[in-house]
1. Got at least one residue in the stretch 88-96 being in contact with a Phe, Trp or Tyr (Cβ under 6 Å, 6 or more places away or on another chain) and either over 20 Å from V12 (Cα atoms) or surrounded by 12 or more Cβ atoms within 10 Å (Cβ to Cβ) (or both)?
2. So Q78 ticks every box in (1) surrounded by fewer than 14 Cβ atoms within 10 Å (Cβ to Cβ); (2) without any contact (Cβ under 8 Å) to a residue 24 or more places away in the chain but one. Which box is left unticked?
3. Criterion first (surrounded by 14 or more Cβ atoms within 10 Å (Cβ to Cβ), of a type outside the set (A, V, I, L, M, F, W, C) and more than 15 Å from T9 (Cα to Cα)) does E105 satisfy it?
4. State all residues of the stretch 124-134 that are at pLDDT 95 or above, farther than 13 Å from N10 by Cβ and in a loop (DSSP other than H, G, I, E, B); if no residue qualifies, say none.
5. What's the number of the only condition in (1) over 17 Å from E114 (Cα atoms); (2) buried (at least 17 other Cβ atoms within 10 Å of the Cβ); (3) aliphatic (A, V, I, L, M) that A53 fails to meet?
6. State all residues of the stretch 1-25 that are part of a helix (DSSP H, G or I) and closer than 22 Å to A101 by Cα; if no residue qualifies, say none.
7. May I ask you to say which residue of L84, L41 is surrounded by fewer than 18 Cβ atoms within 10 Å (Cβ to Cβ) and among the aliphatic types (A, V, I, L, M)?
8. Assess whether V100 counts as being of a type in the set (A, V, I, L, M), closer than 22 Å to V75 by Cα, without any contact (Cβ under 8 Å) to a residue 24 or more places away in the chain and buried (at least 18 other Cβ atoms within 10 Å of the Cβ).
Amino acid sequence: MPVKVFIDTNIVIYSLGQSSTKAALAAPLFALHPTISTQVLSETANVALKKLALPISETRKLLAMLETTCRVEIVTPQTMQRALDIAARYKFSWYDSLIVATALEAGCDTLYTEDLQDGQVIENKLTVINPFSV
């Protein structure tokens, strides 16, 4: 059975980089047809508009590309309740807990992020991998 992966916002942002080591490691993860969430789309749009200063038209194209390349999971009130449970149990930040909750609800096996402990297994189901920790 193929591994189902979830990609955090930081991986999306690094994949946009020009000829950096992190971009070279992040970009190939999209060949796995990863899962992202509406949270990842929202955070990516925020970074694209504010930090990268992309015009709205380019940000729109970026989001459309992500929507066609990735499976997009919607953050629901149920997801938020699960995120609260995860935050309480693991002491993760709210946004990290929301990413983890969405990945678990999507049935993902692997979460690519640099924000959590590399190799950590959450709820005996989801393994965190930092693709930059080589």
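1. no
2. Among (1) surrounded by fewer than 14 Cβ atoms within 10 Å (Cβ to Cβ); (2) without any contact (Cβ under 8 Å) to a residue 24 or more places away in the chain, the lone unmet condition for Q78 is (2).
3. Yes, satisfied.
4. Residues satisfying the conditions are N124, K125.
5. (2)
6. First pass over the stretch 1-25, keeping only residues part of a helix (DSSP H, G or I): 9-15, 21-25.
The answer is T9, N10, I11, V12, I13.
7. Matching residue, one of L84, L41: L84.
8. no
The values are calculated or read from the model by the stated rules, or taken from the named source; none is laboratory data. Note that the coordinates shown come from a computational prediction; the quantities given were computed from them, not determined experimentally. Every residue, glycine as well, gets a Cβ built from its backbone with ideal geometry; the counts of neighbours run over all protein chains shown.
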